[in-house]
Amino acid sequence: MIRKASLMKVYEDCHDEYHKRHNELWPEMREMLLAHGVISYSIFLDEPTSTLFAYLELEDEALWNQAADTRICRKWWDSMKDIMETHADHRPVSRDLKEVFFLERKSEE
């Protein structure tokens, strides 16, 4: 399993809308994420800074990297551009984080 984390920004007055859109995630977006190796995907909001912390667990990084080229991913980015920081092509401005510590409970413990 591969763990990835990143930071993004949602506009200060759009916290509720960001939450709403993810609660209403399109079924085809969910299917695409799962088809591209997502085991779990969480996004947390630091309200005082409007910073989003995304954490993913993946099966395969090469497969995950192909997700950005799907029609549904680009449609999702287009739908989110009005509530978060994005590049000119509407993909989120995102900064990957380096893992510096990991603790996992072993099944025999």
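Please treat every number below as a calculation from the coordinates, not as lab data. Just so it is clear, the model here is predicted, and its values are computed rather than measured. Cβ: placed from backbone, ideal geometry, glycine included. Neighbour counts: every protein chain shown.
Could you say which residue among Val100, Val93 is touching a His at 6+ places or on another chain (Cβ under 9 Å), among the aliphatic types (A, V, I, L, M), over 15 Å from Ile2 (Cβ atoms) and loosely packed, with under 14 Cβ neighbours inside 10 Å?
Checking each option against the conditions leaves just Val93.
Of the residues in the stretch 1-35, how many are under 20 Å from Thr86 (Cβ atoms) and either of a type in the set (Gly, Ala, Ser) or out of contact with any Pro (no Cβ under 7 Å at 6 or more places or on another chain) (or both)?
24
State yes or no: is Ser6 among the small types (Gly, Ala, Ser) and part of a loop (DSSP other than H, G, I, E, B)?
no
Consider the stretch 72-98. How many of its residues are hydroxyl-bearing (Ser, Thr, Tyr) and within 17 Å of Ser50 (Cβ to Cβ)?
Total meeting the criteria: 2.
Can you name the condition, by its number, that His90 falls short on among (1) out of contact with any strand residue (DSSP E or B) (no Cβ under 8 Å at 6 or more places or on another chain); (2) of a type outside the set (Ser, Thr, Tyr); (3) assigned to a helix (DSSP H, G or I)?
So the condition that His90 fails would be (3).
Could you give every pair whose Cβ atoms fall below 7 Å, whose first residue belongs to the stretch 24-39 and is part of a loop (DSSP other than H, G, I, E, B), and whose second residue is not charged (D, E, K, R), counting only separations of at least 6 or pairs across chains?
Close Cβ pairs satisfying both conditions: His36/Leu63; His36/Trp64; His36/Gln66; His36/Ala67; Gly37/Leu58; Gly37/Leu63; Gly37/Trp64.
Could you please find all residues in the stretch 26-62 being surrounded by fewer than 12 Cβ atoms within 10 Å (Cβ to Cβ) and under 12 Å from the mean Cα position of the chain (by Cα)?
Ser40, Ser42, Phe44
Every residue in the stretch 50-72 that is in a loop (DSSP other than H, G, I, E, B) and free of Cβ contacts under 8 Å to residues at least 40 places away in the same chain, please.
Listed by number, the residues that qualify are Gln66, Thr70.
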